[in-house]
Each structure stands twice: as C-alpha cells, then as structure tokens.
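Structure, as structure tokens:
The values are calculated or read from the model by the stated rules, or taken from the named source; none is laboratory data. Keep in mind it's a predicted model, so treat the numbers as computed, not measured. In this analysis, Cβ positions are derived from the backbone assuming ideal geometry, glycine residues included, and neighbour counts consider all displayed protein chains. Side chains are part of the model used for accessible areas, which takes the heavy atoms of the whole protein and leaves out ligands, DNA and RNA. Shrake-Rupley method; radii C 1.70, N 1.55, O 1.52, S 1.80 Å.
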Amino acid sequence: MSVTPILAVKDLKKHFDARKGLFGEKTTVKAVDGVSFNVMPQESFAVVGESGCGKTTLGKLVLALEKSSEGTVHFDGQDISKMNGAALKKMRREMQVIFQDPYSSLNPRMTVSDIITEPWVIHDMYRNHAERAQKLAKLLDDCGIAKSYLPRHPHEFSGGQRQRVGIARALALDPKLVVADEPVSALDVSIQAQILNLLKDLQKERKLAYLFISHDFSVVRHLCTRIAVMYLGRIVETADSETLFNDPQHPYTEALLSAVPVPDPSIEKRRKRILLTGDVPSPLKPPPGCRFHPRCRYMRDACRTHDQALIEAKSGHEAACEVLPFKDARSAAALVAL
Amino acid sequence: MSEPVLSVRGLRTHFITRERTVVAVDGVSYDLHPGKTLAVVGESGSGKSVHALSILRLLPEPPAKVVGGEILFQGRDLLKMGAEEMRKIRGNRIAMIFQEPMTSLNPVLKVGEQIAEAVVLHQGLSQEKAWAKAVGLLKKVGIPHPEERVNDYPHQYSGGMRQRAMIAIALSCEPDVLIADEPTTALDVTIQAQILELMKDLQREYRMAIVLITHNIGVVAEMADDVVVMYAGRPVESAPIGELFKNPKHPYTKGLLASVPSIYERKERLEAISGQPPDLSGGFTGCPFAPRCPQAMSRCGTDDPPQFHLAGERMSNCWLVEDETKSSSHRHAPSGAIQ
C-alpha cells in the first residue's frame, strides 16, 4: 500500500505492576500485551471488547497519555512512543480525544466558550480576534451547539449537549485522528443516535480518521469500517466491518456477536445464542495457551498450551485461532436457527 | 386469560419540595399476568424506576409521594396497606433486583447470610435450614462451588456473580412477581446473555411474573411479552411485543425504535429524535412529546391527549390514533375504564 497509515501500532505492550493485597507478592497486569494494527487516513477503525480487555489503555497509549512498556506507535510516519515535550505537544495537535463521560470530562468551572477555545490558547492559534470568532462560529454550527450556550457552564446542559461540547473541543485543532473512547455509552438511545450521526457527518466533512473504542457492536457496525476484537490484552480478530459481522472467525467474536440482543422480536425469537460459560479470567493471571480456551466451545487439547498468533485468513481478515477459522463461511444469519 | 397478579391503575408519584413539584410518574396503568414478562421501557428520567419503587413503597416520603392510583396485588391495594403488612409482601411475594449489584448487596455480610436473612424472616426457617437453602439457591442460579462460595463476601464475586446472588435473594421466597430494574445494564454482553437466560429459565420454573425495567430495546425484544413505553412520566404506548415492533402507534415509540442501531443491518443514518427530553417540574400544556414530535399538529401544543384504547389490548397516548380508537380514558382515572 502506498498510503502511509495515519496510525501504525506495532507489538504494543503495557504492563502495570500490581500487588496481591496490601503486602502480597508482586505481579504484573498485562493490560495490553502485543497489539498491532494500522489505521488509514479517513478510516474509522473500531476496537471492541468487554470490560477489562485493555481497550481504554490502548487508547491512552496511542495518544501517548500512558508510556508503553514495549512496542511502537507511529503517527503519520513518526514514532511518538519515544517523543517528549515540545515535539509531542506538536503531534498532539493532530490527534484528539473524546471521552465517555461528558459529566466528568468537562471542567465545571469553565464556560462552554472557554472549554472549546482552550486548545487554541494552548497551541497559540488564531490569535486574531475576528479569525477566532469565525472559527468558533463554524465549529459550533458543525457540532450543533447554539451560540447562546457559550457563556454557560457544563452543569446547565444534558448529557447529549455536553458530549457535543466535548466533540467541538476535540475538533477545534482540526486533528487528523480522533480517539473516541465510548463516546455514546453514557447517553440515552435517542440522543445516542444524534451523536452518532454527528460523528459520521463530521468525519466526512473534515476527513477525520477515528479510533473508536467501544463495547457495543451495534454502535460500531453503524459507524466503523474496520473492527478489531480484543480479549484480555490481545487482538483476537481483525476484519472489515461487514466481513466480521457475516463471517466471524474467532470463537470469541462468534459468541460475542450472538450475545448482543437484536432490537427485533421476530429475529430474537429464532436466534440461537452461544452462551459462554464463566467470567472473563482475571488479567492478573491469564490462562496459559490460548487465553480464551477455558470458555471456548471448540477447545482442543492443543489450545491449553499453544498460544496462537493472528493468522491471515483472507486479505485483511485475521484471527488468532486455528481451530475454528476458515471452515465454511458461517454467517451471523446462519446463527439464526430456522 | 388468567387473572392478573398485579394491576397498576393510574399510578401517580410526585416529588414535592418547597421550591417545586416534579411529576415523576403520571398515570401508569397495566396488568401483569402470571408467568409473563412486561417490559417498561424509557429513557433516563422517564419515570420507569420511580414507578417500580412506588409499587414496593420504597421511595423516601417526603419528598416522594404517591398522589393517586391503585396497585392491586392479587386483588388487594398495596397503597392502602399498613407498613407491617407491606413488609410481609416486599421481598417475599414481590421481590426486586437492581441495576448495580455491588451497591445493593451488603459488603460486610457473607453472601449466604444475605440470602438466608430473607428466608428466616419470611418463611421462619431455622438458621441451619436457611443456610442449606442459600447453598441450594446459589447452585440454582449457576454459581460454581456453591458450598464454598456461600461463605464469600460480595467483593469476592465478579459483576455477573453478584447479579446471580441478587437473583438468588430475590428468588429465595419464590415470589409471585419479580421487579427487575435494569438487571443487566452494568454487565458485559456475554454476561448479560447468561443472566437473561437464567431469568427466563427461573420464570418458567416458578411461573413468576416479571416487570422488566430497561432502556435497552434489544433486551425488550428478547424478554418481553408486553411493553409499556414511558416518556416524561407517562405511559405513551402499551402493546403486546410483536405488535409494538411491527406497528408502533405513538411517534415517540416510532422514533425510539428507529434510533436504535442493530448488529443485523447497517443503516446509513440513524433516525434520531431531535431535541431533548423535557423538564418535569413545569407541568405541561398539551402533549409533552409535542416539541420533539415530527408529526405534531397544532392541537398537540394545547390539548393533552387522553389514553386511547385500541383493538388488540393496545393503548396510545396520541391524538393521531383518535379515529381508530375503541374508547378513551384520562390517565388518572382509577380502575373501571382501563382495560
């Protein structure tokens, strides 16, 4: 491929030191444990997984908000995992973040106007008053924020309106990449739809790339073109969105998709659900071999010891399993027993 | 059809403070039949949880006050019962599970003690027998090694296991009605699937009726027999599940269903409902959904629509169905008019 990825993550690891109990032995939590993927310019790439899989840590590593233990993060061709100070600050103009909780991610003592324009102050941009006013007007318009909101404080607004302010702040610097960590999980469905449509429109208009971190497959399907599924610090499957939903290759993806309730009783009544037994194992002590094997219904003896790396099934479709993949195409529709 | 085990009639709950009165629940009515699941759906602030707490009389009074309606449980009005009598029903005949299992379990009591407590209290079992029953219940709700885990404290359980323990407590007296308030919202999808499956199995076994309170349309589609959709404290539509999804009558229901993304299809755009939910302290002239309603007519801003009763056990609180209506009633009318 001739185009440089906007984001290239390679063998990225983040290990946290932990203690079992107050005086217990030292252990390591491998929150992110060897993750690689590329995000192309203007692409919306999703990382999906359940709580504790490491998806949020991954987002922080990509933004250099956490220092990685190993591996590299290339942003627009430059390695940012080793960058510091001024160089990093300059790169950060190009990569912004939208957080899950619009209640805690906005400073309650700042006005909406101050929140949205703070990035310009930090990066010393648009110092001309007229220019700044014009930029701000455009930004408000794009994000669906009324001008009358500007002198008000975050607590005066509902969740959806606050999230719009968070989005406007992220877009103030015209970034190339936006990391969105569960941006709609805290919102009601009717408001969630407004924000998802907004994110989609903004992407088209401003040619953004998204790294979208979510636990919600329905939301991801709506917004993203490529998806990586994470389990216990690793990516277990990557594919373009349609392929993943129609032809999942990893047993975990398959079970996860079947567990998502469908908002249609006529489908729901005919659907066969793959129930995973037990809980996600503690990341303090991931199982040996394939990390998914204790919950996997296709488990073979080899899976207890052999830790399968990602293998490419078809062009652009990878899965970290050698038992299930590449059998007959089983579509998500085939999970519906007729 | 069998007699309903629970009939809610024109329930109204207000929160009254010196500054203002918030109308949290405004005229909820439905019948719940044994072995069936009724879903109460709505967004935050729609009054769905307050309605549940009103049934069990768990709201702090003041500021909360049930100002009208009847809650008939097996023919008797819970709102007229004394505190002592109510205690015999709460947790015994009508049990409740909550969204956040960590905050609703007592962190300093063993899980086993919390299950046994209900059995000792309501069934008068000895401590020893109650403990054995706790082990049996944990086994029933799918906790591995229940003989050992019964001695654990809640923090030693995972989120899914805590919700299972909550269900075990709720089931301990084999209630006639289980009220489940967002029982899977705090859980991951794979765990959610386990818990919903468990609830369905236990419902079949005990012939329990379930009031399922949720904002998740997918969960409704999976679990419910009948649905009540709430908006701004009112039931705006009620219908059997299939009908509601096939042919929603109220514009809010239509908007709600269209705004939900599904893993089964990729829509280019979601049909969002514009605007924000209203403030409940003001009181309304006309329909509270009118400012956001794509089909609003001029009368909607001024005339408060009654509840229109339609064929097939349906109700819609919208002027649009006036022509196809069989009868209508005011939201606050107690029993009688409401079928």
**Message:** Tell me yes or no: at least one residue of segment B:307-314 is surrounded by fewer than 17 Cβ atoms within 10 Å (Cβ to Cβ), modelled with pLDDT of 85 or more and closer than 17 Å to B:Val8 by Cα.
**Reply:** yes
**Message:** Among (1) more than 30 Å from B:Ser172 (Cα to Cα); (2) crowded, with 23+ Cβ neighbours inside 10 Å; (3) in contact with a strand residue (DSSP E or B) (Cβ under 7 Å, 6 or more places away or on another chain), there is one condition B:Glu243 misses while meeting the rest; what is its number?
**Reply:** (2)
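Out of A:Asp247, A:Asp264, A:Asp307, which single residue is open to solvent by 10 Å² or more (accessible area, probe 1.4 Å), within 14 Å of chain B (Cβ to nearest Cβ) and farther than 28 Å from B:Ile195 by Cβ?
Exactly one of A:Asp247, A:Asp264, A:Asp307 is open to solvent by 10 Å² or more (accessible area, probe 1.4 Å), within 14 Å of chain B (Cβ to nearest Cβ) and farther than 28 Å from B:Ile195 by Cβ, namely A:Asp247.
Restricting segment A:191-202 to residues that are out of contact with any Leu (no Cβ under 7 Å at 6 or more places or on another chain) and farther than 23 Å from B:Leu187 by Cα, which is surrounded by the most Cβ atoms within 10 Å (Cβ to Cβ)?
For segment A:191-202, the residue satisfying everything is A:Gln194.
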**Asked** Which members of segment A:302-327 meet the condition of being touching a Gly at 6+ places or on another chain (Cβ under 6 Å) and either assigned to a loop (DSSP other than H, G, I, E, B) or of a type in the set (Phe, Trp, Tyr) (or both)?
**Response** A:Thr305, A:His306, A:Asp307
**Complete:** If we ask which residues in segment A:45-71 are open to solvent by less than 40 Å² (accessible area, probe 1.4 Å) and of a type in the set (Ser, Thr, Tyr), their number turns out to be 2
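Pick out the one residue from B:Arg207, B:Arg269 that is more than 20 Å from A:Pro261 (Cα to Cα), touching a residue at least 24 places away in the same chain (Cβ under 8 Å) and basic (Lys, Arg).
On the way: B:Arg269 fails: touching a residue at least 24 places away in the same chain (Cβ under 8 Å).
On inspection, the qualifying residue turns out to be B:Arg207.
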**Some residue of segment B:111-132 being closer than 25 Å to A:Glu254 by Cα, small (Gly, Ala, Ser), part of a helix (DSSP H, G or I) and free of Cβ contacts under 8 Å to residues at least 12 places away in the same chain** = no
**Request:** Go through segment B:228-339 and tell me which strands (runs of 3 or more DSSP E), entirely inside it, have 2 or more residues that are under 22 Å from the mean Cα position of the chain (by Cα) and of a type in the set (A, V, I, L, M, F, W, C).
**Result:** B:234-240
**Complete:** Filter segment B:213-227 for residues that are assigned to a strand (DSSP E or B) and within 12 Å of another protein chain (Cβ to nearest Cβ); the one that is farthest from A:Arg270 (Cα to Cα) is B:Thr214
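Pull up segment A:223-244, narrow it to residues that are in a helix (DSSP H, G or I) and surrounded by fewer than 23 Cβ atoms within 10 Å (Cβ to Cβ), then point me to the one that is farthest from the other protein chains (Cβ to nearest Cβ). Working first, answer last.
Of segment A:223-244, the ones in a helix (DSSP H, G or I) are A:223, A:241-244.
Then drop every residue that is not surrounded by fewer than 23 Cβ atoms within 10 Å (Cβ to Cβ), which leaves A:241-243.
Working: A:Ser241: 7, A:Glu242: 7, A:Thr243: 12 Å.
For segment A:223-244, the residue satisfying everything is A:Thr243.
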**Prompt:** Counting only residues that are touching a Pro at 6+ places or on another chain (Cβ under 8 Å) and not in a helix (DSSP H, G or I), which one in segment B:181-212 is nearest to B:Ser158 (Cα to Cα)?
**Reply:** B:Ala186
**Message:** Checking the conditions here, which among B:Gly75, B:Gly136 is surrounded by fewer than 16 Cβ atoms within 10 Å (Cβ to Cβ) and closer than 23 Å to B:Arg9 by Cβ?
**Reply:** B:Gly75
**Prompt:** In segment B:205-240, what count of residues is obtained for those that are among the small types (Gly, Ala, Ser) and in contact with a His (Cβ under 9 Å, 6 or more places away or on another chain)?
**Reply:** 2
**Request:** May I ask you to say which residue of A:Ala180, A:Ala130 is without any contact (Cβ under 8 Å) to a residue 60 or more places away in the chain and not in a loop (DSSP other than H, G, I, E, B)?
**Result:** A:Ala130
**Request:** Report, by residue number, each residue of segment A:164-189 that is within 14 Å of chain B (Cβ to nearest Cβ), of a type outside the set (Val, Ile, Thr) and crowded, with 19+ Cβ neighbours inside 10 Å.
**Result:** A:Arg164, A:Glu182, A:Pro183, A:Ala186, A:Leu187, A:Asp188
**Complete:** Of the residues in segment A:265-301, those that are of a type outside the set (D, E, K, R), free of Cβ contacts under 8 Å to residues at least 60 places away in the same chain, over 17 Å from B:Asp188 (Cβ atoms) and assigned to a loop (DSSP other than H, G, I, E, B) come to A:Pro287, A:Pro288, A:Gly289, A:Cys290, A:Tyr298, A:Met299
**Prompt:** Taking the stated definitions as given, is A:Leu284 surrounded by fewer than 15 Cβ atoms within 10 Å (Cβ to Cβ), of a type in the set (A, V, I, L, M, F, W, C) and under 24 Å from the mean Cα position of the chain (by Cα)?
**Reply:** yes
**Request:** Inspect all residues belonging to segment A:119-142 and state whether any of them is touching a strand residue (DSSP E or B) at 6+ places or on another chain (Cβ under 6 Å) and closer than 20 Å to A:Gly166 by Cβ.
**Result:** no
**Message:** When you scan segment A:311-323, do you find a residue that is modelled with pLDDT of 85 or more and open to solvent by 50 Å² or more (accessible area, probe 1.4 Å), even just one?
**Reply:** yes
**Request:** Can you confirm whether segment A:203-217 contains a residue that is buried (at least 22 other Cβ atoms within 10 Å of the Cβ), within 10 Å of chain B (Cβ to nearest Cβ) and either within 30 Å of A:Met125 (Cβ to Cβ) or of a type outside the set (Gly, Ala, Ser) (or both)?
**Result:** yes
**Prompt:** Within the bounds of segment B:53-65, is there any residue that is open to solvent by less than 30 Å² (accessible area, probe 1.4 Å), in a strand (DSSP E or B) and out of contact with any helix residue (DSSP H, G or I) (no Cβ under 7 Å at 6 or more places or on another chain)?
**Reply:** yes
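Identify, from the list B:Asp279, B:Asp323, the residue that is open to solvent by 60 Å² or more (accessible area, probe 1.4 Å) and within 14 Å of chain A (Cβ to nearest Cβ).
Exactly one of B:Asp279, B:Asp323 is open to solvent by 60 Å² or more (accessible area, probe 1.4 Å) and within 14 Å of chain A (Cβ to nearest Cβ), namely B:Asp279.
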**Fill in**
The number of residues in segment B:166-180 that are part of a loop (DSSP other than H, G, I, E, B) and closer than 21 Å to B:Asp152 by Cβ is 1
**Prompt:** Only one of these conditions is not met by A:Val112: (1) away from chain B (no Cβ under 14 Å); (2) of a type outside the set (Gly, Ala, Ser); (3) open to solvent by 10 Å² or more (accessible area, probe 1.4 Å). Which number is it?
**Reply:** (3)
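Going through A:Gln161, A:Gln192 one at a time, which residue ends up being in a helix (DSSP H, G or I) and either away from chain B (no Cβ under 13 Å) or within 18 Å of the chain's Cα centre (by Cα) (or both)?
Result: A:Gln192 is the single residue among A:Gln161, A:Gln192 that is in a helix (DSSP H, G or I) and either away from chain B (no Cβ under 13 Å) or within 18 Å of the chain's Cα centre (by Cα) (or both).
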